[in-house]
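Student: Structure below; questions to follow.
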Amino acid sequence: MPVQITIIGLGQIGASMGLALAPHKDNILRVGHDKKTEVEREALQKGVADKMEHNLPSAVRNADLVVLCIPVSQIRETLEFIALDLKKGTVVLDTSPIKAGVQKWAKEILPEGCHYVGLVPAINPEFLHEFQIGLTAAQPDLFTNGLFLIDAPYQTPEKAVITAIDFVRLLKADVVIADPIESDGLMSTTHILPQLVAASLLNATIDQPGWQDARKVAGRSYATVTAGLAYQDEIDSLRLSAFQNPTGVVHALDMTIAALYSLRDDIENGNDDGVAKRLESALLGRKRWLSERTSAEWVKPAQSEAADFPSFSERLFGGMFVKKPRGK
């Protein structure tokens, strides 16, 4: 009997997961759900899922795995809506960037016997400079050569964590087991901060003195820096994410403000060498990061770490994806 994986939210992340799972559809029943029926229709035409179920309780009732690919502002309400219809043993995943609040909601709302594990996707580096969002941006290889941080709350059963790990591997991505506090700190710096900086630049320039003329000549640099705020499914989620990890976000903002003040002081004091060093350091740092991110040659964990545990494939797919020992 095929394993049912229900994907709730068919934007770029959710739809890409569905497409990435397509090669396994003989063993997986992909059920899709989106709050917009037109998105469901288009996603079904694109092959994102094997069936759509617009009734949310029905979409999760027989699911072995439920993946929430929705804005963080919708997660609590969705958990409340589906909780009573989840069967025992269902693992619930989510892809929101900050996990502190989501973990609390899951602990409070999910019934006994159901388990939550958080996923934080870092996409295929080939798509880093593409700014489309939504279903139209979905790609079957969106996660190839990417990685997922896996955040499991304290005392999460090992079986649920392994299920999450093997699900990620079906997407052809690497896995990093992360402490939720550490994960939220990383995402505060690399995900939340760029968007808040974009918002600050926009607030500092738009409708300020001179903007009537400045808007006519604002070009690629302005568009690129402010793009982090523009490509959002729902701006309210950014606000919620910032408040879910205020300590990490405030620290990241303080570091940014300190860097700006240092640059400002060097310019005001005519310190040409100081400005040159800061700009050169930033440029070289970006090149190094982009090269490392593109190559994706991160240190991989030893293959034997999970060798003693039955895999998602073994337990749910009858071993179809398990390599047979040589000579047998």
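Student: Antiparallel DSSP bridges in the chain: what percent, to the nearest 5?
Tutor: Restricted to the chain, the bridges split so that about 15 percent are antiparallel.
Student: When P(r) over Cα pairs in 10 Å bins from 0, in percent is calculated directly from the model, which label among [x] 5, 23, 32, 22, 11, 5, 1, 0; [y] 5, 20, 24, 19, 15, 11, 5, 1, 0; [z] 5, 20, 25, 23, 15, 8, 3, 1, 1, 0 fits?
Tutor: Calculated P(r) over Cα pairs in 10 Å bins from 0, in percent: the matching label is [x].
Student: Further question on the same structure: In nm, to one decimal, how far is the modelled label at A214 from the one at A230, with both set 7 Å along Cα→Cβ?
Tutor: 1.7 nm
Student: Sticking with this one: For helix 235-244, what angle does its Cα long axis make with the longest principal axis of the chain, in degrees from 0 to 90 and rounded to 10?
Tutor: Tilt of helix 235-244: around 90 degrees.
Student: Which value in Å is the Kirkwood Rh of the range 64-197 over different Cα pairs?
Tutor: Kirkwood hydrodynamic radius for the range 64-197: 15.5 Å.
Student: Just order 54-64, 283-293 by mean Cβ neighbour count inside 10 Å, highest at the front, would you?
Tutor: Ranking, from highest mean packing down: 54-64, 283-293.
Student: Fully extended, how many nm does the chain gain between E112 and W298 (0.36 nm per residue separation, minus their Cα-Cα distance)?
Tutor: Gain on stretching E112 to W298: 63.2 nm.
Student: Amide H of V3 versus every other amide H placed in the peptide plane: which residues, excluding those fewer than 5 positions away on the same chain, fall under 5 Å?
Tutor: For V3, the qualifying residues are I28, L29.
Student: Using R₀ = 51 Å, calculate the FRET efficiency as 1/(1 + (r/R₀)^6) where r is the Cβ-Cβ separation of A259 and E77; round to 0.05.
Tutor: Result of the calculation: an efficiency of 0.85.
Student: What is the extension gain from I177 to R288, computed as 0.36 nm multiplied by their sequence separation minus the C-alpha to C-alpha distance, in nm to one decimal?
Tutor: 37.5 nm
Student: While we're here: Over the chain, what is the relative contact order in whole percent, taking alpha-carbon pairs under 8 Å and six or more residues apart?
Tutor: 15 percent
Student: Next question. Roughly how many percent of the accessible protein surface of the chain is carbon and sulfur, given a 1.4 Å probe and a whole-percent answer? List each step's numbers first, then the result.
Tutor: Values: 10260 of 18770 Å².
Whole-percent figure for carbon plus sulfur exposure: 55.
Student: Could you work out how much longer the chain between D207 and T247 gets when fully extended? Use 0.36 nm per residue separation minus the Cα distance between them, nm to one decimal.
Tutor: Roughly 11.3 nm would be gained on extension.
Student: Tell me what the chain gives for mean residue ellipticity at 222 nm when only DSSP H runs of n ≥ 4 count, each as -39,500 (n - 2.57), the sum divided by the residue total, rounded to 500 deg cm²/dmol.
Tutor: It lands at -14500 deg cm²/dmol.
Student: Sticking with this one: Please check which bits of the range 103-118 a label hung off K87 would reach, taking the label as a point 7 Å along Cα-to-C-beta and the cut-off as backbone N under 17 Å.
Tutor: Under 17 Å, as judged by backbone N against the label point of K87, lie 111-115 of the range 103-118.
Student: Output the peptides 109-119, 200-210 sorted from most to least packed, where packing is the average of other Cβ atoms within 10 Å over each peptide's residues.
Tutor: 109-119, 200-210
Student: Separate question: Hey, could you grab the Kirkwood Rh for the range 1-115? Inverse mean 1/r over distinct alpha carbon pairs, Å, one decimal. Provide the component values of the computation, followed by the final result.
Tutor: Working: mean 1/r = 0.0714 Å⁻¹.
By the Kirkwood definition, the hydrodynamic radius is 14.0 Å.
Student: Enter the accessible area per residue of the chain (Å², integer; probe 1.4 Å; all protein chains in place). Don't skip to the answer; put the middle values down first.
Tutor: On the way: 18770 Å² over 328 residues.
On a per-residue basis, 57 Å².
Student: Separation of the range 113-161 and the range 237-271 by C-alpha centroid, Å?
Tutor: The range 113-161 and the range 237-271 have Cα centres separated by 27 Å.
Student: Rank V275, S96, F167 by how far each Cα sits towards the positive end of the charge dipole of the chain (+1 on Lys, Arg Cβ; -1 on Asp, Glu Cβ) and give me just the farthest.
Tutor: Of the candidates, F167 comes out farthest on the positive side.
Student: What's the FRET efficiency of S281 with A223 using the Cβ-Cβ distance as r and R₀ = 25 Å, to the nearest 0.05? All intermediate terms of the calculation are to be shown ahead of the outcome.
Tutor: On the way: r = 25 Å, r/R0 = 0.98.
In this case the efficiency is close to 0.55.
The values are calculated or read from the model by the stated rules, or taken from the named source; none is laboratory data. Treat the numbers as computed from the prediction; the structure is a model and nothing was measured. Neighbour counts are summed over all protein chains in view; Cβ atoms, including those assigned to glycine, are modelled from backbone coordinates with ideal geometry. The accessibility values were calculated without ligands, DNA or RNA, using every heavy atom of the protein model including side chains. Shrake-Rupley method; radii C 1.70, N 1.55, O 1.52, S 1.80 Å.
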